[in-house]
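I have placed the structure first, in the form of structure tokens, so that the comments after it can refer back to it.
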Amino acid sequence: MTGAALCAVLAVIVASWLVRDVRAAGFGQLWRYWAGYREALPHAFPATSAMDVVLLVVYVVASVAALRSSVASTALVATGVITLAVRLPGLWGIGRRRMESVFSDDLRSRALICAFVALAAAVALLITAGAGRRPPADSYERLPTRPGPGASVTAFLMLGAAGAVLIAWEIRQMVRYPELYPEWYVNGDPVPYGVIDPPPGWGTVALALLCLFAGVSALFHAVHARPFGLVAAALLLPGGVLGVARIVHYDLLDGFGSLPTETQLTLLSWIFEAFAALVVLMALAPRGLADVPAPYGPGQGPGYGPPGFGPSGYDTAPYPGQQQPPAPGYGYPQGGGFGPPPPPSQPPPGW
């Protein structure tokens with residue numbers, strides 16, 4: 001309940017800023033501004049970006065998961081981590097000179113208060129998730145899941161490649177426009193961005209690291225791989241989708257062969273980001289294999305996995321009047337109950 005309430009607070013904060021932008025700039029112009037159209041002329045400078053729409057969805061989904069599932073601690077951790085990453089720069093960026101020239105004092109004061117509240121809620125989410133971790137109370141309690149083999153490999157390849165692409169473009173930009181640094185990462189004065197959002201370079205690097213972390217976690221079938229992978233793919237999706245929208249809007253593929261090589265790579269990167277995000281979302285959205293502790297591996301053990309895979313998970317003791325069939329050979333009988341039964345009371349012949 002606590003985790004759901006904290007996610008709801010974060011969702012309300014983001015939703016209020018989105019409503020402000022829609023009312024101040026108009027939905028059509030706001031969408032065009034987010035998409036990077038040159039003809040976008042909003043009535044007021046937006047305080048948000050397309051990333052905030054995704055964060056709103058993440059907060060709502062995490063809140064519902066915390067209410068409906070007893071194993072949502074990993075989702076709360078992923079939500080808290082990404083909130084810390086994107087809201088922390090606001091503590092020093094909201095008071096920068098460029099923000100003073102674009103946004104009013106009242107708006108910046110509200111943004112700073114929201115940044116403090118969001119960071120406090122993110123820390124509380126991490127504490128709540130850590131305090132809520134415990135072993136399952138009984139065999140009927142729902143367990144966290146790990147991604148299956150196919151989903152793990154898919155997420156590793158897609159997220160790993162997407163993270164590498166983002167880092168490669170950051171390195172390329174650093175070489176080509178060295179005058180933008182370090183402001184590109186710490187306060188973003190040379191470029192416009194929303195008052196509640198991180199500087200562009202900070203946001204890109206944070207997303208790249210999140211993609212790489214989630215991809216490696218998926219490869220090793222970690223319990224936290226699904227929520228981190230889904231959050232990473234969701235945050236990767238807007239950049240790819242808006243990039244594809246620019247391609248379609250300006251018909252950039254019509255003269256693709258005549259474009260400079262760097263422009264061609266940019267267009268391909270946008271298309272790949274959208275494709276990778278959708279593939280990862282489809283791969284990790286279904287529940288994976290149950291996280292059953294030893295002696296069973298992930299997805300194995302009583303009551304989990306596909307039919308006929310592992311022990312049945314039900315006690316095979318006979319009903320009254322029934323005779324228990326003898327186990328083959330000596331040693332522990334096969335199947336039945338939770339954990340191995342005691343050894344036979346009589347030793348084998350010849351002992």
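Throughout, read-outs are computed from the coordinates displayed, never taken from laboratory work. As the structure is a computational prediction, the values presented were derived from the model and not from experiment. As a convention, Cβ positions derive from the backbone with ideal geometry for all residues, glycine included, and neighbour counts pool all protein chains shown.
Taken one residue at a time, the phi angles of the range 247-256 give Karplus couplings (6.51, -1.76, 1.60, θ = phi - 60°) of 4, 5, 5, 9, 6, 6, 7, 4, x, 4 Hz. Gly and Pro are set to x. Look at the alpha carbon pairs under 8 Å that are at least 6 residues apart: their mean separation over the length of the range 185-257 gives a relative contact order of 20 percent. Across the range 1-133, Cα pairs under 8 Å and at least six residues apart give a relative contact order of 32 percent. Reported to the nearest whole Å, the Cα centre-to-centre distance from the range 1-23 to the range 220-255 is 23.
In percent, rounded to a whole number, the relative contact order of the range 4-64 is 50, using alpha-carbon pairs under 8 Å and six or more apart.
For residue 116, neighbours were defined as the other residues whose beta-carbon sits under 14 Å from its Cβ, and their charges (Lys and Arg +1, Asp and Glu -1) total +3.
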